[in-house]
Protein chains: 4
Amino acid sequence: MTVRFGLLGAGRIGKVHAKAVISNPQAKLVAVADAFEQAAKDLSSAYGCEIRTIEEIEKAGDIEAVIICTPTDTHADLIERFARAGKAIFCEKPIDLNVKRVEECLAVVDETKATLMVGFNRRFDPHFAAVRKAIDDGAIGAVEMVTITSRDPGAPPAEYITRSGGIFRDMTIHDFDMARFLLGEDPVAVTAHASVLVDKKIGELGDYDSVSVILSTASGKQCVISNSRRATYGYDQRIEVHGSKGMVAAENQRPVSIEVANGSGYTRPPLHDFFMTRYTEAYANEIAAFIDAIATGAKAAPSGKDGLIALALADAALRSVKEGKTITV
Amino acid sequence: MTVRFGLLGAGRIGKVHAKAVISNPQAKLVAVADAFEQAAKDLSSAYGCEIRTIEEIEKAGDIEAVIICTPTDTHADLIERFARAGKAIFCEKPIDLNVKRVEECLAVVDETKATLMVGFNRRFDPHFAAVRKAIDDGAIGAVEMVTITSRDPGAPPAEYITRSGGIFRDMTIHDFDMARFLLGEDPVAVTAHASVLVDKKIGELGDYDSVSVILSTASGKQCVISNSRRATYGYDQRIEVHGSKGMVAAENQRPVSIEVANGSGYTRPPLHDFFMTRYTEAYANEIAAFIDAIATGAKAAPSGKDGLIALALADAALRSVKEGKTITV
Amino acid sequence: MTVRFGLLGAGRIGKVHAKAVISNPQAKLVAVADAFEQAAKDLSSAYGCEIRTIEEIEKAGDIEAVIICTPTDTHADLIERFARAGKAIFCEKPIDLNVKRVEECLAVVDETKATLMVGFNRRFDPHFAAVRKAIDDGAIGAVEMVTITSRDPGAPPAEYITRSGGIFRDMTIHDFDMARFLLGEDPVAVTAHASVLVDKKIGELGDYDSVSVILSTASGKQCVISNSRRATYGYDQRIEVHGSKGMVAAENQRPVSIEVANGSGYTRPPLHDFFMTRYTEAYANEIAAFIDAIATGAKAAPSGKDGLIALALADAALRSVKEGKTITV
Amino acid sequence: MTVRFGLLGAGRIGKVHAKAVISNPQAKLVAVADAFEQAAKDLSSAYGCEIRTIEEIEKAGDIEAVIICTPTDTHADLIERFARAGKAIFCEKPIDLNVKRVEECLAVVDETKATLMVGFNRRFDPHFAAVRKAIDDGAIGAVEMVTITSRDPGAPPAEYITRSGGIFRDMTIHDFDMARFLLGEDPVAVTAHASVLVDKKIGELGDYDSVSVILSTASGKQCVISNSRRATYGYDQRIEVHGSKGMVAAENQRPVSIEVANGSGYTRPPLHDFFMTRYTEAYANEIAAFIDAIATGAKAAPSGKDGLIALALADAALRSVKEGKTITV
């Protein structure tokens, strides 16, 4: 079976997904839609597909699945439209920045029985997936304490911050999903500390750039998350899971793994400096998993509900900071 | 100048300090006192010193300094006695498990202008000291986020737990001191999550075995501490400091650093399995620093106040768990 | 400019190069030829190109370049044919197992001024290339001693050994090329020790499976090569260059970089177990460099002469083993 | 039982051994002898022992064992004298730079049945010893290929070079002993390449500063040794053993194991810069083993014969360089 795709949004991440689709022997990229004509044209000629409007893709008989890479505030509407049109949907995170709106949207997805997968790409990173596999294989016994370190190379521009929903909904949300992926149990309590250490402008916009979070589950498992909007040494992405029988960790990735030694010591190059090069394999694996879910009829994961829960945890973390207490979820 | 020592307590840690004294060219071990005659005899013959009573050491004209390694509940009394006797005092942590009692005791120390150093040995570990030096040298710019992972090889017996004051006052207290050592600023807010994951008996005794803590300072610096009473892979002791210009970390130490590779992968031996072998150099350096402070008249650090603040943080962490909120200190 | 390709040989390595061509925006795969019809068909349908005969590709006006992935004993003939046909040629190593035959072939290449690049893929590994770049950037001063460790996951079948030309011409030849790439000067003396430790059958076929080689240059630079036909821990590929001001090394690569710790120690997974997964990026980069050379008119490297010199070093190493002395080249 | 020691030579290495003796509960340092009165006095007061002449130590009824740390050219004479005096002898390597002289000396040792241990300290390094133990435990199956990298932080002064016997007898000799320790079988063939890359003066004195050596055993096991007189990154001491079932390696040691990360990458401090700090534990373990051999009547190892064989390999390596061929030993 070949899954035929429509791509909504021809921007940076749209190109990444287009490449994943055309390289996949089980998939075909039929059409792209983008409000910017030039973006659509560029992608169309680079990856050999038609240009269509969103409406045309909605009605197309030759397209079974769509990938939504449009701006965040269009996600929920498009999911509802394409769910009603009977297409399988892959949507970049988040579904929406508002929990209520996400709930409404997922109600439509449920009603239409549409396949929906949300783009928490990190679950598909081969190293993080291997950590999860080690847990599933019993290598560390029962999971007890998860540690997630996640730091960006540099802070985004003010304009981005404004539309991002804040650090918890924009950045930590990935770690909330990873925490759930690794804990194997939903957090019931959230505490967060947050401050502005990287860039005062971020504070002036009402956001934070440095946050620490503790999550606990009903059985007492704990997860600690450490975020910063700036790491001079690159895109710092580490996870560690401590269990009753051992520990498993995934180290950082770097583009080249040489080491130079001299009188100043032993130096390895910095980490990847961009999420797209860091998670190249994760993006390809994610789309492959989506295609596989459609082809086999398996349940697509992470689901819309996974997106909703991660968002609720982000909201709880923000409330914890504002109210100075642990929030029960 | 040679500093002449009396040793109070000939147990496990007493022997460690005795060895540090006799190996130090600036020091001499004059006498040991211990309620158990055999312990005193053994130490006396192994390290070549007299056996005296506490009273004799108190009045001795040939002893300038004492090392207190007796049970915790005798520390505050002995500090007061020896402060009044005009001796320089090194006391194993904690001064007492009760903040009030510590405050009273330190009032006596202040009044008598006695030299008092508290045994937070980890500050003297060469690796952790090198982390602090890197910070002081400006290698990472302004400190922003500190991460401390501290896990014991195995849980102590119930009897120990009962007298320990609980995990925060017994175990995390080392990390509170390390946090202050690295943050360079006192925490003003503490949040902790705690649970019993390792051993139910610990819970039955009203204590926890797995805790996560966030500390924040007035300027917004953050520190995350992760503790477990059991790590199958050894004595897990790591610190990491993230700053405006970079990051510095101290990795775990292991007794041998070989690696064996085969079809199952690349395997390095476990970590040290005991705090005494892990911190051998730290114990020697700590006593050397005490001797140096006496010999040069420099201020001994960590001070009694350092001990007090760490204890107050431990109390705040416990309150945070009980009340489910961030505690301001 | 788009470089249009004909592919000769649709086997394992042919597919790797086909993928590299179709993914490259500057290139187009026009046709494939293979004596086995089914192999040609499979590749043709997977990568969207025509099936033609070698003769047709030779005469084709719509093809500027060929990639030769046919059996070794056809390489020299094909290079000569396509050099005369005016095509740019990428040929898998070796050109031939016989130095004389290689010299004849290269004479034709010179005469026809054909572009010829030989497939020493390791030069294009990003990690090894970064080592070379560090040298070129002066990071280690003058190169003095190169160490190359190169061990296969497992010995090839007897049938392969028979046709391989022996371990020096088949396996060490890659390391001879790497030695030259890193030394920046041609070896003038070769000594080798060789034995059969892995598989007696290899010895019965007159070959070795474990070899150590020292190369020296006129200025006294040295290179040590260590080869084994079997490494239980995977495809072991390391280089290290010691210079007057420092050292640079490239560590092994592994498919996932997690670590599991427990009472047995800290274990990372084995290395890649196959040269194709280990050198995925190298193969893609190699073809990109070939395309770039054609597109820009730059000199293609490694050249035919590079292939010849590596083969001569292999021959010298074998003589050194047989005669028990250092061979001057 | 307490072993009572006389120390011959109060120089740098004499102090190291004095410390090892006084720290050992089974040993007592009775006397020191040194031609330089001040050196003897300093050591005597630092470690609490008498000053005696060599003759007095020879005849002393209260001394069972001597440690010889005098200049190399006195070693063989002193061994003979103290063997005849019935003392157990620990002698720093080498016994002599001349094979004949060593053979004569060992004949006396044999005749007198004296206990003689030669100071190849590296066998007692905990990391290298752990490599050997892993081999003995079967962790890597049959040993096949040993790789030894041994580089000094800096070249010694000309004066030292002149008296050293040349790089093979002075520096590589440690690696020859380590090769034998790890191969578990004596080398029968030696090839070496040598050059002057570090310091021309070394060449003017007729010596080399950069050497590569291959050793082979009768069963075909191989060992490669790489030496340089200068490594900007510290005292580079690595071993790796490849076997039929796996590989075991000992990495370099460094005084502090922190890592600093910033935009330039991840940097660990340089290695130890001095053999005495690098091999602190090895020196203590070595004397402990000697004491143990005396106390238990076990055979002391490394023996005089071990010293002789290593020297013979050094001579063979030098001949190999001069004659350009593999030397059979």
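Assorted remarks:
- First in the range D:141-159 and under 30 Å from C:Asp199 (Cβ atoms), second anywhere and part of a strand (DSSP E or B) and β-branched (Val, Ile, Thr), Cβ under 6 Å, 6 or more apart: D:Val143/D:Val241; D:Val146/D:Val241; D:Thr147/D:Val224; D:Ile148/D:Ile225; D:Ile148/D:Ile239
- Test: D:Gly203 is closer than 19 Å to C:Ser210 by Cα, modelled with pLDDT of 95 or more and assigned by TED's automatic domain parsing to the domain that holds D:Thr147: no
- Test for A:Gly166: is it under 28 Å from B:Ser212 (Cβ atoms), away from chain C (no Cβ under 14 Å) and open to solvent by less than 20 Å² (accessible area, probe 1.4 Å): yes
- Within the range B:76-100, considering residues that are basic (Lys, Arg) and more than 19 Å from the chain's Cα centre (by Cα), the one least open to solvent (accessible area, probe 1.4 Å): B:Lys87
- Among residues of the range A:252-281, those that are of a type outside the set (Phe, Trp, Tyr), in contact with a His (Cβ under 9 Å, 6 or more places away or on another chain), crowded, with 17+ Cβ neighbours inside 10 Å and under 22 Å from A:Arg229 (Cβ atoms), counted: 4
- Filter pass, D:Arg12 being closer than 26 Å to D:Ala107 by Cβ and more than 14 Å from chain B (Cβ to nearest Cβ): no
- Being of a type in the set (S, T, N, Q), surrounded by fewer than 18 Cβ atoms within 10 Å (Cβ to Cβ), on the phi < 0 side of the Ramachandran plot and out of contact with any Asp or Glu (no Cβ under 7 Å at 6 or more places or on another chain) is a description that does not apply to B:Thr115.
- Look at the range D:95-114: where a residue is aromatic (Phe, Trp, Tyr), no partner that is at pLDDT 95 or above sits 6+ places away or on another chain with Cβ atoms under 9 Å.
- Taking the range B:169-178 as the range and being open to solvent by less than 10 Å² (accessible area, probe 1.4 Å) and touching a residue at least 60 places away in the same chain (Cβ under 8 Å) as the test, the residues that pass are B:Thr172, B:Ile173, B:Phe176, B:Asp177, B:Met178.
- Residues (surrounded by fewer than 24 Cβ atoms within 10 Å (Cβ to Cβ), more than 9 Å from chain C (Cβ to nearest Cβ) and assigned to a loop (DSSP other than H, G, I, E, B)) located in the range A:230-251: A:Arg230, A:Thr232, A:Tyr235, A:Ser244
- Boolean, D:Leu78 is within 22 Å of D:Tyr283 (Cα to Cα), part of a helix (DSSP H, G or I) and at pLDDT below 95: no
- Filter result for A:Tyr208 (among the aromatic types (Phe, Trp, Tyr), in the same structural domain as A:Asp175 (by TED's automatic domain parsing) and in contact with a Pro (Cβ under 6 Å, 6 or more places away or on another chain)): no
- Members of the range D:204-229 that are within 27 Å of C:Val143 (Cα to Cα) and assigned to a loop (DSSP other than H, G, I, E, B): D:Leu205, D:Gly206, D:Asp207, D:Tyr208, D:Asp209, D:Arg229
- The range B:43-58, subset open to solvent by 20 Å² or more (accessible area, probe 1.4 Å) and among the β-branched types (Val, Ile, Thr), residue nearest to D:Thr2 (Cα to Cα): B:Ile51
- Positions within the range B:191-214 being surrounded by 24 or more Cβ atoms within 10 Å (Cβ to Cβ), facing chain A (nearest Cβ under 7 Å) and over 18 Å from B:Ile327 (Cβ atoms), in sequence order: B:Leu197, B:Ser210
- The set of residues from the range D:179-190 being in a strand (DSSP E or B) and open to solvent by 20 Å² or more (accessible area, probe 1.4 Å) comprises just one member, D:Val188.
- Every residue from the range D:103-145 that is under 22 Å from the mean Cα position of the chain (by Cα) and of a type in the set (S, T, N, Q): D:Thr115, D:Asn121
- If you go through the range C:131-155 and pick out every residue that is more than 14 Å from chain D (Cβ to nearest Cβ) and open to solvent by less than 30 Å² (accessible area, probe 1.4 Å), you end up with 2.
- Number of the condition not met by D:Thr217 [criteria: (1) in contact with a strand residue (DSSP E or B) (Cβ under 6 Å, 6 or more places away or on another chain); (2) more than 8 Å from chain C (Cβ to nearest Cβ); (3) touching a residue at least 40 places away in the same chain (Cβ under 8 Å)]: (3)
- Within the option set C:Ala40, C:Ala31, C:Ala27, C:Ala10, being surrounded by 19 or more Cβ atoms within 10 Å (Cβ to Cβ), under 21 Å from the mean Cα position of the chain (by Cα), touching a residue at least 24 places away in the same chain (Cβ under 8 Å) and not assigned by TED's automatic domain parsing to the domain that holds C:Arg163 holds for one residue only, C:Ala10.
- Looking across the range C:1-42, the residues that are part of a helix (DSSP H, G or I) and closer than 17 Å to C:Ala65 by Cβ come down to C:Ile13, C:Gly14, C:Val16, C:His17, C:Ala18, C:Lys19, C:Ala20, C:Val21, C:Ile22, C:Ser23.
- Of all residues making up the range D:282-312, the number that are in a loop (DSSP other than H, G, I, E, B) and either open to solvent by less than 20 Å² (accessible area, probe 1.4 Å) or within 14 Å of chain B (Cβ to nearest Cβ) (or both): 2
The values are calculated or read from the model by the stated rules, or taken from the named source; none is laboratory data. Just so it is clear, the model here is predicted, and its values are computed rather than measured. Using ideal geometry, Cβ is built from the backbone for each residue, glycine included, and neighbour counts are taken over all protein chains shown. What goes into the accessible areas is simple: the full protein's heavy atoms, side chains included, and nothing from ligands, DNA or RNA. Shrake-Rupley method; radii C 1.70, N 1.55, O 1.52, S 1.80 Å.
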